[in-house]
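The structure appears right after this line, and notes come after that.
The values are calculated or read from the model by the stated rules, or taken from the named source; none is laboratory data. Note that the structure is predicted; figures quoted are calculated from it, not measured. Neighbour counts are summed over all protein chains in view; Cβ atoms, including those assigned to glycine, are modelled from backbone coordinates with ideal geometry.
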Amino acid sequence: MEAVSNFLASDLFYRFRKSPVAVLAFIVTAVLVLSALFAPLIAPQNPFDPGSLNLMNGFSQPGEPNQFTGETFMLGTDDQGRDVFSTILYGLRISLFVGFSAVMFAMVLGSVLGLIAGYTGGRTDTIIMRIADIQLTFPAILVALLIFGIAKGITPPSYRDEVAIWVLILAIGLSDWVQFARVVRGATLVERNKEYVQAAKLIGRKPMAIMLKHILPNTLGPVLVIATISLALAIIAEATLSFLGVGAPPTQPSLGTLIRIGQGFLFSGEYWILLYPAVTLLALALSVNLLGDWLRDALNPKLK
Amino acid sequence: MTEISAQPETPLIQVDNLSCVFDVSKPWLNRVVEREPKQFLRAVDDVSFEIRKGETLALVGESGSGKSTIAKMLVGLLEPSAGTILFDGQPMIIDSSERMMELRKRFQMIFQSPYASLNPRWKVADVIAEPMVVLGVEKDSAKIQARVDELLELVGLSAADGSKFPHEFSGGQRQRIAIARALSSNPEFIVCDEPTSALDVSVQAQILNLMRDLQDQLGLTYLFISHDLSVVRHMANRIGVLYLGALVEIADSKELFKAPQHPYTRMLLDAVPDLEMTGRQRKEVEGEIPNPINPPSGCTFHPRCPFANERCEREVPGWTQTRFGVAACHGVGEGRIPAAEITR
Amino acid sequence: MSTPLLSVRDLVIKFPTRHGPLTAVDGVSFDLAAGEVLGVVGESGAGKSLTGSAIIGLLDPPGHIASGEIYLKGERIDNLRPEEMRAIRGRRIGMVFQDPLTSLNPLYTIADQLIETIRTHLRLSEREARKRAIQLLDDVGIPAASRRIDDYPHQFSGGMRQRVVIALALAAGPELVIADEPTTALDVSVQAQIIDVLKEQCTQHGASVILITHDMGVIAETADRVAVMYSGRIAEIGPVREIIQNAKHPYTSGLMGSIPTLAQEEDRLVQIPGSMPRLSDIPPGCPFNPRCDKVFDKCRVHRPSLIPVENREVACWLYEDTEARGAAT
């Protein structure tokens with residue numbers, strides 16, 4: 001309770017209220033995340049349960065009754081008669097799950113490596129940061145493709161669909177840890193010379209305790225900013241990979257998969273199969289990114 | 001009189017021939033390209049002194065004098081390049097052995113910046129409790145809480161302040177919190193590294209008074225590091241004057257101010273702005289502190305010294321006994337430096 | 001009485017915040033005679049630096065002068081347009097800041113910067129300006145000035161840089177020099193040299209000085225008069241010697257007692273309990289009343305203004321009767 005009232009009185013919340021863009025971005029993000037979470041309750045049908053589908057409903061126009069069955073679909077249906085609105089809700093779930101997990105993975109890996117590099121210094125620092133530098137010379141999507149390719153090669157075909165999502169998370173996460181490592185290392189270099197760290201060393205605290213209890217909490221601000229911006233990038237990366245056909249399998253389609261499927265119908269006039277998932281992806285990525293940008297400015301003391 | 005005559009007990013701190021050398025070379029590739037040799041900075045050069053139980057020894061010096069480096073070595077934050085430190089007869093060797101952890105309970109440090117010395121994400125009570133928890137002085141959480149409350153009140157804050165965060169306090173109050181933390185493990189010896197130089201004068205007076213009261217109450221021994229001679233005069237029993245990493249004079253505090261021996265000590269005293277305005281004519285202070293990477297030969301003070309001669313340029317001076325201490329000066333040894341005019 | 005060189009009248013500086021405006025300087029008034037050195041002393045947050053910045057028109061936004069007037073030789077300068085103020089800064093008012101590097105551009109030689117300042121404000125040829133620049137550097141004690149003038153700021157030590165800044169402040173022959181903590185960043189032995197140079201050079205060039213510092217010792221050695229500031233107001237203003245030896249305002253006497261000196265013998269320093277209030281909760285009445293040992297009811301309600309006592313002014317109700325009687329003991 002106290003934490004909530006403290007937050008409501010904080011400068012951060014004040015600046016949030018004063019920024020219409022941030023408020024709008026937050027609302028859009030919240031609506032999308034909530035509808036993904038409660039997709040089974042909101043969606044009119046489960047698009048991946050073959051029993052609930054009716055082929056006769058295929059290619060229904062958005063908002064118009066189907067010529068054979070008379071059913072109406074708000075955003076139309078695809079060739080299989082799946083409700084586009086429902087596929088978007090379920091696709092959003094996959095996209096957000098992959099995005100969140102990948103960022104979490106990148107954040108934990110990058111923060112730990114950045115802490116170690118910054119605190120230990122010397123050779124450990126050089127090795128970790130050189131690996132990071134080398135990885136940065138490749139485009140993130142290329143790294144993800146590479147990891148995805150290797151993972152695909154070593155998993156037996158029968159498991160491929162099952163592990164596809166996890167491989168996707170691993171690939172995106174591994175391509176994204178560098179910026180967390182850099183930011184945490186920079187903050188660690190500043191913090192480790194402060195006197196409160198000296199005070200902890202003086203009483204014989206072990207490096208691990210100093211890193212986790214003293215330094216890590218003081219690097220979380222910038223990490224939060226990077227994580228938000230990374231989330232938008234991870235969602236787009238996931239969509240790109242899925243669009244290229246190497247991401248989420250058709251049995252568990254993400255927004256990217258839906259766009260890939262939809263583009264096959266674009267020139268035959270069934271625009272809605274492509275358009276609505278694409279607009280959803282755009283809204284999600286844009287609002288998360290705007291939120292991240294705002295957070296970065298709000299937490300930057302130099303811009304106050 | 002009693003200050004100087006040798007006491008039978010062993011000193012609490014015994015420092016012998018302590019040196020600290022930093023490698024300040026440019027990175028390897030730069031050195032190769034620019035054909036430069038490695039560069040070393042002798043931050044502390046062959047310093048020896050002792051601190052007796054219950055006294056305050058002050059080390060004064062300007063920037064580059066090595067005073068903070070000595071402080072860090074004394075509490076095990078920095079490894080000496082040479083020399084030994086004995087704490088109550090036991091060698092200070094930085095490791096995590098049982099013996100060292102036991103020793104760590106007995107010394108503490110108060111830092112310069114009241115802003116950087118407290119972790120901004122920790123509640124004050126946790127900050128104060130940390131040393132006693134980590135060093136295992138107290139294990140029962142109710143007792144820890146009681147001790148934290150007691151410490152907060154001891155330094156002039158209230159027990160309720162424990163649940164706040166450091167940013168809710170002013171500079172002076174934060175320094176009180178830092179003092180409470182330093183007392184948490186019941187240490188005998190506290191290194192105070194410029195504890196008031198970041199504070200306003202009226203707050204400085206509060207903190208200095210508090211530190212003296214605590215010393216009387218708890219029988220603490222202080223090493224007090226400062227650049228401010230008037231503060232040092234107020235706090236110390238004995239004073240060591242540092243110049244470019246080396247001690248140039250150690251003397252009983254009152255006597256040092258009455259009859260400074262080493263020319264550098266005299267210069268420092270002359271430079272202190274005079275609040276009393278006795279109309280004293282200041283001697284013109286010459287020059288600035290040389291670059292410590294490339295210190296002058298012989299006595300490092302000779303380029304700025306009005307009494308320097310050819311011997312000072314050539315030969316590093318050893319210790320000369322003075323009436324109330326020792327000084328490292330050829331001139332004092334040869335008796336060719338006139339007695340300081342006592343202006344106050 | 002002739003017009004003072006500088007006259008500050010009821011200066012109020014405010015900072016807007018989301019909890020309403022904070023008053024950082026509240027009704028500061030003082031006069032400065034030509035050739036005089038006025039020390040402004042106070043603890044951090046007392047408003048001394050802001051007062052200095054307001055005079056030279058360099059208040060950092062969102063801070064602004066909410067009311068009051070500043071006159072330089074009878075001519076109002078607080079409401080000038082930025083370009084008019086720029087012509088006064090440097091020409092008529094010189095500045096020395098705490099960190100010499102904020103006043104010196106690292107990319108230009110000392111010669112470039114000095115000559116540019118001189119030629120911006122004075123009608124001199126390049127050659128004459130250079131001659132004047134070398135003379136100035138020589139005056140402030142830079143050895144081998146004619147050679148070192150072509151060096152860059154980083155080639156000078158901290159003390160030497162501050163000497164260069166003093167030369168730069170005096171380059172156009174200003175009537176007033178504002179020095180804000182000019183010696184705080186320097187070592188004790190160098191500090192003494194800089195104070196000497198500052199005082200001697202300003203006297204020689206006939207410039208008045210406002211010396212802003214937290215160090216009473218520096219004021220004692222340099223200033224003719226001193227203004228003691230507390231919570232954005234002047235607590236006491238008068239001749240340095242008298243204020244140091246016989247402070248009237250309880251804050252000033254507490255402050256003087258809390259400074260450890262080389263001469264004193266006593267064990268305990270006088271201490272003022274508590275600390276200066278934050279700008280957001282300055283108490284009503286006299287801002288010092290919660291810490292004052294001589295406080296009485298009136299102090300908690302009514303704000304004292306400066307009351308003439310002997311040859312100084314004190315903002316303290318203790319001296320109200322003195323004023324009523326017209327003369328002091």
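Kindly indicate whether residue C:283 is away from chain B (no Cβ under 12 Å) and assigned to a loop (DSSP other than H, G, I, E, B).
yes
Being more than 29 Å from the chain's Cα centre (by Cα) and not in a helix (DSSP H, G or I) is the requirement here; does residue B:139 meet it?
Considered against the rule, which asks whether it is more than 29 Å from the chain's Cα centre (by Cα) and not in a helix (DSSP H, G or I), residue B:139 comes out as yes.
Within the group B:69, B:10, B:84, B:56, which residue is of a type outside the set (A, V, I, L, M), more than 30 Å from residue B:209 (Cα to Cα) and either touching a residue at least 60 places away in the same chain (Cβ under 8 Å) or touching a strand residue (DSSP E or B) at 6+ places or on another chain (Cβ under 6 Å) (or both)?
After applying the criteria, what remains is B:84.
Has region B:230-246 got at least one residue that is over 14 Å from the mean Cα position of the chain (by Cα) and modelled with pLDDT of 90 or more?
yes
Looking only at region B:155-171, decide whether some residue is in contact (Cβ under 8 Å) with a residue 40 or more places away in the chain, outside any helix (DSSP H, G or I) and closer than 23 Å to residue B:72 by Cβ.
Taking every residue of region B:155-171 in turn, none turns out to be in contact (Cβ under 8 Å) with a residue 40 or more places away in the chain, outside any helix (DSSP H, G or I) and closer than 23 Å to residue B:72 by Cβ.
Just for region C:278-305: of the residues that are more than 30 Å from residue B:272 (Cα to Cα) and in contact with a strand residue (DSSP E or B) (Cβ under 7 Å, 6 or more places away or on another chain), which one is surrounded by the most Cβ atoms within 10 Å (Cβ to Cβ)?
The extreme case among them is C:287.
Filtering region B:261-292 down to residues that are over 21 Å from residue B:248 (Cα atoms) and hydrophobic (A, V, I, L, M, F, W, C), which residue is modelled with the highest pLDDT?
The selected residue is B:275.
Sort through B:131, B:120 and tell me the only one that's within 11 Å of chain A (Cβ to nearest Cβ) and out of contact with any strand residue (DSSP E or B) (no Cβ under 9 Å at 6 or more places or on another chain).
Selected residue: B:120, the only one of B:131, B:120 that is within 11 Å of chain A (Cβ to nearest Cβ) and out of contact with any strand residue (DSSP E or B) (no Cβ under 9 Å at 6 or more places or on another chain).
Check off (1) without any contact (Cβ under 8 Å) to a residue 40 or more places away in the chain; (2) more than 22 Å from residue C:184 (Cα to Cα); (3) in a loop (DSSP other than H, G, I, E, B) for residue C:91 and give me the number that stays unchecked.
(1)
Residues B:233, B:238, B:176: which one is basic (Lys, Arg), on the phi < 0 side of the Ramachandran plot and touching a strand residue (DSSP E or B) at 6+ places or on another chain (Cβ under 6 Å)?
It is B:238.
Starting from region A:253-266, take each residue that is touching a residue at least 40 places away in the same chain (Cβ under 8 Å) and list its partners that are aromatic (Phe, Trp, Tyr) and part of a helix (DSSP H, G or I), counting only C-beta distances under 6 angstrom and pairs at least six apart or across chains.
Cβ pairs passing all conditions: A:256/A:243.
Just to be sure I understand, how many residues within region C:265-277 are within 8 Å of chain B (Cβ to nearest Cβ) and surrounded by fewer than 17 Cβ atoms within 10 Å (Cβ to Cβ)?
The total comes to 4.
Quickly run through region C:248-264 and pick out the residues that are out of contact with any His (no Cβ under 6 Å at 6 or more places or on another chain), facing chain B (nearest Cβ under 9 Å) and not polar (S, T, N, Q).
Scanning region C:248-264 gives C:251, C:254, C:255, C:256, C:257, C:259, C:262, C:263.
(1) away from every other protein chain (no Cβ under 14 Å); (2) more than 19 Å from the chain's Cα centre (by Cα); (3) surrounded by fewer than 21 Cβ atoms within 10 Å (Cβ to Cβ); (4) not in a helix (DSSP H, G or I): which one isn't true of residue A:270, the others all being true?
(3)
Which residues, counting only those in region B:159-176, are surrounded by 14 or more Cβ atoms within 10 Å (Cβ to Cβ), over 24 Å from the mean Cα position of the chain (by Cα) and within 11 Å of another protein chain (Cβ to nearest Cβ)?
Within region B:159-176, B:165, B:166, B:169, B:170 qualify.
Can you find even one residue in region A:214-233 that is within 14 Å of chain B (Cβ to nearest Cβ), under 28 Å from residue B:189 (Cβ atoms) and β-branched (Val, Ile, Thr)?
Yes, because at least one residue in region A:214-233 is within 14 Å of chain B (Cβ to nearest Cβ), under 28 Å from residue B:189 (Cβ atoms) and β-branched (Val, Ile, Thr).
Taking the stated definitions as given, is residue C:12 surrounded by 20 or more Cβ atoms within 10 Å (Cβ to Cβ), touching a residue at least 40 places away in the same chain (Cβ under 8 Å) and of a type in the set (A, V, I, L, M)?
no
Residue A:186 is checked against (1) within 14 Å of chain B (Cβ to nearest Cβ); (2) under 22 Å from residue B:118 (Cα atoms) and fails just one. What number does that condition carry?
(1)
Tell me, yes or no, whether region C:103-113 has at least one residue that is in a helix (DSSP H, G or I) and under 26 Å from residue C:35 (Cα atoms).
Looking for residues that are in a helix (DSSP H, G or I) and under 26 Å from residue C:35 (Cα atoms), one finds at least one in region C:103-113, hence yes.
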